[in-house]
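Just so it is clear, none of the values below were taken in a lab; they were calculated from the coordinates. Values in this document were obtained by computation on a predicted structure and should not be read as measured data. Here Cβ is always computed from backbone atoms with ideal geometry, including for glycine, and neighbour counts include all displayed protein chains.
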Amino acid sequence: MKRKKLEILKERLPALLFFVGLLAAWKVLFELQLWSPMVLPAPWEFTPPGVPEVSVYAYLRDNILNGSLLSASMVTMRRLLLGYGLGLVVGIPLGLFTARFLILEQTLGVLALGLQTLPSVCWVPLALLWFGQTDMAMLFVVIMGTVWSVLIATDNGVRNVPPIYARAARTMGSKRLHTWIKVILPASLPFIVSGMKQGWAFAWRSLMAAEIFVTVLTGFGLGQVLHYGRELHAMEQVIAVMLMIIFIGLVADKLLFSPWERFLHHRWGTAKR
């Protein structure tokens, strides 16, 4: 057990030293005062008693303790999970159909390739005109940011399945629907999971764009807190919210996508020895 802990520590030590070095470099640059604190805020400060601390750490500490930052995170996560889930529900079946039918590949597949290149913020004016300043406008932007990347990844995943798998299944008596469910879909799962991971990143970007431009009184998310920090020229707030978004993204990757990817690699014998 002790040896295993030492191995884990040895693996994670370079990453730990890297991030500690980044924080130290940030602190040194702030102390050199090469830029105004409004441009580069302090990561942390040591202030005398009674003097308010203006730093990224102080903002995170105070707003996590009073619950405002956690409340904004919950609002954002609720919108993100709902929009992302709907994007998966739409994108995966459409990707399967596009891979199966040539007419859909020549029409819907080409449309998906074009719309995937469209920046997420371009959907915001359309969403505002259609749905107004509502949560539905944000959900629409998130869905549009998710569905096309998932559709393309699913389509590519199915097309990259070796044809011999389907031929072998049909030789053993498998019918069309059974072949798709039991052979083609499982074999394409690594590609689909990669598409889901990419769709998650696009969903994040889409939601941040929507929350910055769409003001909904039913709940203020991280994007709106980020926007208000810019309006107030509070760079410690802007950077703190950015760090919060990065942290949530890393946690989601470690808890949702990485275990699934490891399972699929072990399942199909492609894991690193």
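For the chain, the 222 nm mean residue ellipticity estimated from helices alone, with every DSSP H stretch of n ≥ 4 adding -39500 (n - 2.57) and the total spread over all residues, rounds to -24000 deg cm²/dmol. Full extension of the segment from LEU82 to SER258, taken as 0.36 nm per residue of separation minus the current Cα-Cα distance, would add 61.3 nm. Taking the longest Cα principal axis of the chain as reference, the axis of helix 135-159 is set at about 40 degrees. By the compact-protein rule of thumb, 2.2 N^0.38 Å, the alpha-carbon radius of gyration of the stretch 1-123 corresponds to a ratio of 1.75. Between 0 and 90 degrees, the angle of helix 235-252 with respect to the longest Cα principal axis of the chain falls at about 30 degrees. All distinct Cα pairs of the stretch 115-181 go into the 1/r average, and the inverse of that average, the Kirkwood radius, is 14.8 Å. Label separation (VAL20 vs ILE248): 3.0 nm, computed from points 7 Å beyond Cα along the C-beta direction.
Judged by the gyration tensor of its Cα atoms, with axes a ≥ b ≥ c, the chain is oblate; a/c meets the 1.5 cut and b/c is at least as large as a/b. The gain in end-to-end length when the VAL110 to SER71 segment is fully stretched comes to 10.0 nm, 0.36 nm per residue minus the alpha carbon separation. Using a cutoff of 8 angstrom between alpha carbon atoms and counting only pairs six or more residues apart, the relative contact order for the chain works out to 22 percent. Kirkwood hydrodynamic radius computed over the stretch 194-241 comes to 11.5 Å, based on all pairs of distinct alpha carbons. Where Lys and Arg each count +1 and Asp and Glu each count -1, what net charge lies around LEU69 among other residues with Cβ under 13 Å from its Cβ? Residues near LEU69 contribute -1 overall.
Placing +1 on the Cβ of every Lys and Arg and -1 on the Cβ of every Asp and Glu, with nothing else charged, gives the chain a dipole about its Cα centre of roughly 1860 debye. With both labels modelled 7 Å from their Cα along Cα-to-Cβ, the THR134 to ARG100 distance reads 3.3 nm. Among the chymotrypsin sites (Phe, Trp or Tyr not before Pro) in the stretch 43-73, those placed in a DSSP loop whose Cβ has at most 11 other Cβ atoms within 10 Å are PHE46. Compute the helix-to-body angle for 56-65: its Cα long axis versus the longest principal axis of the chain, expressed 0 to 90° and rounded to tens. It is inclined by approximately 80 degrees. Note on the stretch 97-200: dipole from Cβ charges, positive end direction compared against ALA166, ILE103, MET196; the farthest Cα belongs to ALA166. Between LEU13 and TYR228, the contour length at 0.36 nm per residue exceeds the Cα-Cα span by 73.7 nm.
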